[in-house]
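Beneath this line is the structure, given in structure tokens, with notes to follow.
The values are calculated or read from the model by the stated rules, or taken from the named source; none is laboratory data. Source: prediction; values computed, not measured. A quick note on method: Cβ atoms are made from the backbone with ideal geometry, for glycine too, and the neighbour counts reach across all protein chains shown.
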Ligand code: ADP
């Protein structure tokens, strides 16, 4: 594969997986050959976001075939374990699972592999940073201070291990009421842009908080695949284009 782009966040629940999924679809919409590796071992969601069921086929003794939907190849630990099963794994097992999903999956000749990292600054992030030639990391945050503080920690971690920061995305940036069209910045507004400017990191864009993004994600038909010409798809495709 030509480029590996990690999508990271300091905190959980800020929309990192949703953004990774739609970003991967955004790259595909630009005509690139794309794969997504769900490295969020303790809380995999890409199988659900892509509406995929079933298990990857074994192509050889140590080679799995990724599943594919909407033109994107997908590999997630979520294909291999039951939904209600907890992954009670120590660091070395997490590292080994991620390494296997990188090396023992027939990704073939991808232009871009998007990696949905778990939140925080732990073993998975270090494995990716140290064992793979990452093109860089994209950081997702909400505009809130509480999320941005942890996002900054993530940025520092990538800097320490010499992974370039490709930019910051502000997710859930504002909410437009579908009943009255009033725009409310539920989690504040502009915090991530300001932070990116302060740190000299590219600001990649804002994605609004919108029920359609949540609904399409829950239905396994992500917004960029469902409505590629729509306003939300344009946000994600616009960010993919900048990368
Ligand atoms: P994370 O990967 O950071 O834990 P998720 O991508 O799982 O976060 O998102 C958490 C929840 O927020 C999900 O229910 C998802 O559908 C929803 N969500 C994420 N981004 C948006 C958005 N821009 N608008 C509406 N809902 C969103």
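Structure values in brief
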quantity: Residue list for the stretch 200-223, restricted to those being surrounded by 14 or more Cβ atoms within 10 Å (Cβ to Cβ) and either away from the ligand (no atom under 12 Å from the Cβ) or assigned to a strand (DSSP E or B) (or both); calculated: 201, 202, 203, 204, 205, 206, 207, 208, 209, 221
quantity: Qualifying residue in the stretch 76-86 (condition: surrounded by 15 or more Cβ atoms within 10 Å (Cβ to Cβ), in contact with a helix residue (DSSP H, G or I) (Cβ under 8 Å, 6 or more places away or on another chain) and modelled with pLDDT of 95 or more); calculated: yes
quantity: Matching residues, the stretch 151-177, being within 15 Å of the ligand (Cβ to nearest atom) and surrounded by 19 or more Cβ atoms within 10 Å (Cβ to Cβ); calculated: 151, 154, 168, 169, 170, 171, 172, 173, 174
quantity: Matching entry among 137, 147, 124 (being in contact with a helix residue (DSSP H, G or I) (Cβ under 9 Å, 6 or more places away or on another chain), assigned to a strand (DSSP E or B), within 16 Å of the ligand (Cβ to nearest atom) and more than 19 Å from residue 222 (Cβ to Cβ)); calculated: 137
quantity: The stretch 22-33 residues that are over 17 Å from residue 6 (Cα atoms), paired with ones that are surrounded by fewer than 18 Cβ atoms within 10 Å (Cβ to Cβ) (beta carbon under 8 Å, 6 or more apart); calculated: 29/228; 30/241
quantity: Selected residue (only one of 117, 102, 113 is touching a residue at least 60 places away in the same chain (Cβ under 8 Å), away from the ligand (no atom under 16 Å from the Cβ) and buried (at least 23 other Cβ atoms within 10 Å of the Cβ)); calculated: 113
quantity: Filter pass, residue 10 being in a loop (DSSP other than H, G, I, E, B), within 16 Å of the ligand (Cβ to nearest atom), touching a residue at least 60 places away in the same chain (Cβ under 8 Å) and buried (at least 22 other Cβ atoms within 10 Å of the Cβ); calculated: yes
quantity: Evaluation of residue 35 against (1) within 16 Å of the ligand (Cβ to nearest atom); (2) surrounded by 19 or more Cβ atoms within 10 Å (Cβ to Cβ); (3) not in a helix (DSSP H, G or I) (one fails), failing number; calculated: (1)
quantity: Residue match in the stretch 41-56 (condition: away from the ligand (no atom under 16 Å from the Cβ), out of contact with any helix residue (DSSP H, G or I) (no Cβ under 9 Å at 6 or more places or on another chain) and in a loop (DSSP other than H, G, I, E, B)); calculated: no
